[in-house]
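I have placed the structure first, in the form of C-alpha cells, so that the comments after it can refer back to it.
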Amino acid sequence: MYQQGMNNNLLGLDQMELVQLAESLGEDSFRGRQLYIQLYRRKQYDLGHMTDLSKSFRLRLLQDYSVTLPTVHQAVTSRDETVKLLLRLDDGAFVEAVHIPEETRDTLCISSQVGCAVGCTFCMTARMGFARNLRVGEIVGQVLRAIEMGLVGANGFNIVFMGMGEPLYNYRNVMKAFRLLTDSEGMDLSHRRITVSTSGVIPVLKQMAEEPKLPNLAISLNATTAEVRNRIMPINKRWDLKELLDVCRDFPLEPRRRITIEYVLLKDETDSDEDARRLARLLRGIPSKVNLIPYNPNPGLPHERPEEYQIRRFQEILGELNVSAFVRKTRGLDVAAACGQLAHLETS
Ligand code: SAH
Ligand code: SF4
C-alpha cells in the first residue's frame, strides 16, 4: 500500500504507489502511471495543469494531496560559481544542497538528513546534532528544485549524497530516492552518476551489497589507525576501519568501477608520510581511488588545514605506491558550501 507523507506530498511516491493511489480513488491504474510521468518526467507540479488526467481525478487529488518541492529560503553564489541553496522543508526545517559547476559535468551535492548524529569532530553538520531523516520526496525534491531553477538540466549531471547527514542511517528513503532518480520511465538519471558517501555503517553496507542496482560508493575513511579514527570519527568505536575495509573488499562493483575513499587531511593528525604509506597498505586488494580533501576550516573546530606542500607530498607518496589519488578542489569556501561546512543552526 502507498504511504502518505505527513503532508500528503505526492512527490516521493513511486509508480506502483501512484497506481495504487489512483485505484483507491476509483480510477483506472493507467491514471496513476500518467501522474507518475507528469511528476517525474515532465516535472509538472501543478495538478491543475495535468490535463491528461480527468478533472474529477485532479479535484479528488487536490482535496487530500499536494505536490511540494522544498522552497528556496536563500541561494548564495560563491566567487567560483558554486551555489549553496538553503532549502526550507514543510515543517520549517532547513537543509542545504550545493550546485558545483564543472567544466565537464556539474555536480549536485544533496542532503539525506536534517543534521547528523555521527559527530565527526571536523564537520559542521555534526554541530547541529540530529533532527530527523529526510523523506523520499524531500531527497528527490532537492534535485527537482535544482532542475526547476535551471541550475542543472534534466540529466547529465552528477549527484553526490555528501550534504548533511549520514545517508546509510536513512537507508530506506535514500535507496527509494535513488530508484526514483534512476527509473528510466521517470527521471532517468544514470546510476553511474550518483554517489552515496558514508562514514561506514557496516551492517547497512552489507545490506546494500545485496541490492540489484547500486549507486557508486564513497567511504569517508579519514584516518589510518583506529586510535586516530576513534578520536575524529566516533563511529569507529562501533565499526572499526579494518572491518570497514573488509566490507569494501567484498563489495560488488560493476566492471571498471572503483570505490572512492575519502580522506580528510587534518594537519598533524592525518597528514603524515606514515599515514600515506599506511593508507596505501590498507587499500591493497580494494579497487579504489583516493579523494584527498584538505580540511575546510570551521569556526570553533579543533583542526587545521595542512600546508600545500604536505598535501602534494601525501598525494605523491600514494602515487609512488600505485594508489591513484586526487586532491579535491575546494569549492564554495567563501559561502560556507565546501565539504563539511554545511550547517544551518537557525531554527524557525
Ligand atoms: N555523512 C556522509 C556524507 C557527508 S559527506 C559521510 O561522512 O561520508 C561529507 C564529506 O566531507 C565526508 O567525506 C567528510 O569526511 C568530509 N568532510 C567533513 N567535514 C569536512 C571538513 N571540514 N573539511 C573537509 N572535508 C570534510
Ligand atoms: Fe555526519 Fe558525514 Fe559530517 Fe561525519 S562527516 S558528522 S558522518 S555528515
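List of remarks:
- Among residues of region 61-75, those that are of a type in the set (D, E, K, R) and farther than 14 Å from residue 9 by Cα, counted: 0
- Scanning region 258-278 for residues that are touching a strand residue (DSSP E or B) at 6+ places or on another chain (Cβ under 7 Å) and farther than 24 Å from residue 341 by Cβ yields 258, 259.
- Among the residues of region 199-219, the one identified as part of a strand (DSSP E or B) and over 20 Å from residue 280 (Cα atoms) is 216.
- When each of 222, 170, 236 is tested for being over 24 Å from residue 323 (Cα atoms) and either at pLDDT 95 or above or not in a loop (DSSP other than H, G, I, E, B) (or both), the lone residue that passes is 170.
- Tabulated pairs, region 150-162, first free of Cβ contacts under 8 Å to residues at least 40 places away in the same chain, second of a type in the set (Gly, Ala, Ser), C-beta under 8 angstrom, 6+ apart or interchain: 155/190
- Close pairs (8 angstrom Cβ cut-off, 6 or more residues apart or separate chains): among the β-branched types (Val, Ile, Thr) in region 119-133, at pLDDT below 95 and within 9 Å of ligand 2 (Cβ to nearest atom) anywhere: 125/340; 125/342
- For region 308-317, the criterion of a residue being aromatic (Phe, Trp, Tyr), crowded, with 16+ Cβ neighbours inside 10 Å, assigned to a loop (DSSP other than H, G, I, E, B) and modelled with pLDDT of 95 or more is satisfied by no position.
- Single residue of 194, 202 found to be in the same structural domain as residue 282 (by TED's automatic domain parsing), within 16 Å of ligand 1 (Cβ to nearest atom) and crowded, with 18+ Cβ neighbours inside 10 Å: 194
- When 177, 131 are screened for being among the aliphatic types (A, V, I, L, M) and open to solvent by 40 Å² or more (accessible area, probe 1.4 Å), only 131 passes.
- Filter result for residue 40 (closer than 17 Å to residue 178 by Cβ, open to solvent by less than 40 Å² (accessible area, probe 1.4 Å), touching a Leu at 6+ places or on another chain (Cβ under 6 Å) and at pLDDT 95 or above): no
- Close pairs from region 224-244: first at negative phi, partner part of a helix (DSSP H, G or I) and among the charged types (D, E, K, R), Cβ under 6 Å, at least 6 apart: 224/275; 224/278; 230/237; 236/229; 241/229
The values are calculated or read from the model by the stated rules, or taken from the named source; none is laboratory data. From a predicted model like this one, the values you see are computed outputs, not experimental measurements. As a convention, Cβ positions derive from the backbone with ideal geometry for all residues, glycine included, and neighbour counts pool all protein chains shown. In case anyone asks, the SASA skips ligands and DNA or RNA and just uses the protein heavy atoms, side chains included. Shrake-Rupley method; radii C 1.70, N 1.55, O 1.52, S 1.80 Å.
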